[in-house]
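Below you'll find the structure, written out as structure tokens, and then a few comments.
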Amino acid sequence: MRFGICVMANVDEIGFFSHAETLGYDSVWVTDSQMLFSDCYAVLALAARQTTRLRLGPGTAICGTRIRPFRCGGRDAERLAPGRVHLAVAPATRHAARWGSAPCASRSTTIICAC
């Protein structure tokens, strides 16, 4: 059985990742809510530098809240932690409607992939 945890993205608490790895967790996922927390991809890149085996990724990346070049922001983290970064993408239908934007085009609600 594998154990993971999802936490808020916070650059001030970056030591949490190495602690979670020491405790035996298999993965740590961070929130993608740049209006409330630190940028999840910056936090993931920092976490990749200080861990060796944790699987890392955003809880769900909301593509509708990011401009096109940042929609796969996990690429830098993947370069630092090859094979350990995973990405779940959602079309932001609910968020887009709230902000008066059109949702991202997507064939499914969530796509799980490795960067």
Fill in: Kirkwood Rh and Cα Rg combined as Rg/Rh, segment 1-60
0.94
Worksheet, complete the sentence: Once amide hydrogens are built 1.01 Å from N within the peptide plane, the residues lying 5 or more places from Val7 or on another chain with amide H under 5 Å from its amide H are Trp29, Val30, Thr31
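Throughout, read-outs are computed from the coordinates displayed, never taken from laboratory work. Keep in mind that this is a model prediction, so the values were computed, not measured.
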